[in-house]
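J.: Let me begin by handing over the structure; questions about it come next.
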Amino acid sequence: MKSTIEILKRATDGHRVTCEEGLALFQDASLTDLGVAADEFCRRIHPTMIRTYVVDRNINYTNVCVSGCQFCAFYREPGAPDAYVLSEEEIFNKIEEAIGLGATQILMQGGLHPELAIDYHEKMIRSIKERFQVHLHSFSPPEVVHIARISGLTVEQTLRRLRDAGLDSLPGGGAEILAQGIRRRVSPRKCTSDEWIDVMRAAHHLDMPTTATMMFGYGETYSDRIEHLSRIRDLQDETGGFTAFIPWTFQPENTAIGGMGVGGYEYLRTLAICRLFLDNVRNIQASWVTQGAKVGQVALFFGANDLGGTMIEENVVAAAGANFRMTEDEIRLTIAEAGYIPCRRDTYYNLLEEPGRL
């Protein structure tokens with residue numbers, strides 16, 4: 001077996017990291033060595049000094065969910081006193097406010113509501129598109145699977161109808177760890193790993209781009225993380241439909257799992273390995289929403305080329321105890337203070353402004 005230094009050297013020279021090598025990096029590589037290699041890898045893909053972000057809002061249209069995932073502090077069971085479904089007017093007001101703040105992307109996500117079938121979602125999408133010129137990056141794979149089941153449709157039929165109603169792209173939420181052992185323990189009623197992959201494959205075949213995520217730090221093994229990354233990389237080899245990958249850490253407060261979670265050290269190590277392993281995914285987002293602005297800034301030297309969204313509103317992670325917030329000005333300053341040029345982008349990573357100078 002090669003040493004971790006040899007593995008990192010080969011990775012920065014353009015050789016694909018194998019699953020065995022990736023596991024060795026998790027087990028033995030130092031934080032410093034990982035950071036240097038991931039930064040070099042990132043600079044080869046993104047050689048300019050530009051680092052990007054998107055102005056967006058995450059609207060959680062309902063907190064009612066039948067999944068009951070142990071890592072989630074946001075969901076409520078049907079009939080709970082604080083369960084809700086937002087009205088059209090409430091959704092429109094949130095979107096109007098977001099656009100007023102420069103938002104180009106709306107991330108609509110909700111719980112797996114037992115009564116909100118395909119007709120509800122089509123009507124929601126159409127009503128938004130009739131009123132606003134905004135990109136709808138909405139409905140994660142678990143939502144798509146759930147909508148399909150309660151509507152008597154296939155996943156492909158569901159995605160076609162959502163797309164035809166005006167859905168532009170899918171977020172990568174609900175992946176957690178795509179290893180069925182850990183998934184069965186913490187979210188047994190959510191879509192399986194295979195179903196998550198199948199939704200993304202179907203979306204890509206319909207020319208709907210998607211992102212991918214990985215939530216880690218809630219009892220999975222390093223082998224589980226490598227299995228997750230391998231499944232993402234394999235599908236990207238097949239379809240090329242992932243625009244970005246976003247690893248983020250489990251937030252334990254108010255969840256059934258509880259515990260301490262993981263901090264910046266483990267986050268940065270994992271981020272760097274993700275950058276090196278996912279050689280076919282162009283963009284890696286830093287998760288300042290779970291780690292804070294300072295770790296997000298450091299992440300720009302550990303393989304991340306993007307600070308994600310301004311997240312004008314975020315409820316799911318906040319319910320589990322992460323209350324980090326940044327305005328657009330603060331995000332731009334965070335990027336600039338790291339020595340990079342901040343630049344606003346759209347969902348497809350096209351730049352929306354002429355890059356300035358530092």
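J.: Is there a quick way to get the dipole size of region 1-126? I mean about its Cα centre, with the Cβ of Lys and Arg at +1 and of Asp and Glu at -1; what is the value in debye to the nearest 20?
T.: Working: 12 positive and 19 negative charges, 103 e Å.
It works out to roughly 500 debye.
J.: Residue farthest toward the positive end of the dipole of the chain, with Cβ of Lys/Arg at +1 and Asp/Glu at -1: which of L8, Q109, Y120?
T.: The one lying farthest along the dipole's positive direction is L8.
J.: Turning to a different aspect of this structure: In what sequence do L23, L112 fall when counting other Cβ within 10 Å, fewest first? Mind dumping the intermediate values first?
T.: Working: L23 18, L112 24.
Arranged by neighbour count, lowest to highest, L23, L112 become L23, L112.
J.: Among T270, T12, which comes first, then next, by fewest other beta-carbon atoms within 10 Å?
T.: On the way: T270 24, T12 17.
Ascending number of Cβ neighbours within 10 Å: T12, T270.
J.: Continuing with this model, one more query. Could you work out how far apart the two model spin labels at T239 and E90 are, taking each label as a point 7 Å from the Cα in the direction of the beta carbon, and quote it in nm?
T.: 3.2 nm
J.: Right, here's the next one. Alpha carbon centre of region 99-126 versus region 177-208: separation in Å?
T.: 20 Å
J.: Here is a further query. Give me the extension gain from R76 to H205: residue separation times 0.36 nm, minus the current Cα-Cα distance, reported in nm with one decimal. Before the final figure, lay out the partial values.
T.: Numbers: separation 129, 0.36 × 129 = 46.44 nm, distance 3.38 nm.
Full extension of this stretch gives 43.1 nm more.
J.: Let me spell out the model: positive unit charges on the Cβ of Lys and Arg, negative unit charges on the Cβ of Asp and Glu, origin at the Cα centre of the chain. What dipole size does that give, in debye rounded to 20?
T.: On the way: 36 positive and 48 negative charges, 84 e Å.
Here the chain has a charge dipole of around 400 debye.
J.: Please state the relative contact order of region 29-344 as a whole percent: Cα pairs under 8 Å, 6+ residues apart? Don't jump to the answer; show the numbers that get you there.
T.: Details: 613 pairs, mean separation 79.9, N = 316.
Across region 29-344, relative contact order equals 25 percent.
J.: Taking K and R as +1 and D and E as -1, what net charge do the other residues with C-beta under 15 Å from the C-beta of L159 add up to?
T.: On the way: positive: R149, R160, R161, R163, R201; negative: E122, E143, E156, D164, D168, E195, D198, D207.
With Lys, Arg at +1 and Asp, Glu at -1, the neighbours total -3.
J.: By a straight-distance test (C-alpha under 16 Å), which aspartates and glutamates pair with K294 as possible cross-link partners, with residues fewer than eight away in the same chain excluded?
T.: Within the straight-line limit of under 16 Å, K294 reaches these aspartates and glutamates: E266, D306, E328, D329, E330, E337.
J.: While we're looking at this one, here's another question. Mind telling me which of A148, A38, A244 comes out most flexible in a GNM of the chain, alpha-carbon contacts under 10 Å?
T.: In the Gaussian network model the winner is A148.
J.: Additional query: Where in region 28-63 does the amide nitrogen come within less than 15 Å of the point 7 Å from the Cα of E330, taken along Cα to Cβ?
T.: Once the point is set 7 Å along Cα→Cβ of E330, 56 turn out to lie under 15 Å by backbone N, inside region 28-63.
J.: Once R0 is set to 22 Å, what does the formula 1/(1 + (r/R0)^6) return for the Cβ-Cβ distance between T18 and R43, expressed as a FRET efficiency to the nearest 0.05? Show your work: numbers first, answer last.
T.: Values: r = 23 Å, r/R0 = 1.05.
After rounding to 0.05, the efficiency reads 0.45.
J.: OK, next. Give me the net charge for the shell around P171: Cβ to Cβ below 12 angstrom, other residues only, Lys and Arg +1, Asp and Glu -1.
T.: Working: positive: none; negative: D56, E143, D168.
It works out to a net charge of -3.
J.: Next question. For the chain, what is the mean residue ellipticity at 222 nm derived from helices alone (per DSSP H run of n ≥ 4: -39500 (n - 2.57); sum divided by total residues; nearest 500 deg cm²/dmol)? Walk me through the intermediate numbers first.
T.: Details: 15 runs with 160 residues, N = 358.
Counting only the DSSP helices, I get -13500 deg cm²/dmol.
J.: When S287, S3, S193 are ordered from fewest to most other Cβ atoms inside 10 Å of their Cβ, what list results?
T.: Working: S287 24, S3 11, S193 20.
Fewest-to-most ranking of S287, S3, S193: S3, S193, S287.
J.: Could you name the lysines whose alpha carbon sits less than 24 Å from that of K123, not counting residues in the same chain fewer than 8 places away?
T.: Partners found: K94.
Values in this text are rule-based calculations from the coordinates and carry no lab data. The model shown is predicted, which means the values in this text are computed figures rather than measured ones. All Cβ positions, glycine included, derive from the backbone under ideal geometry; neighbour counts span all protein chains shown.
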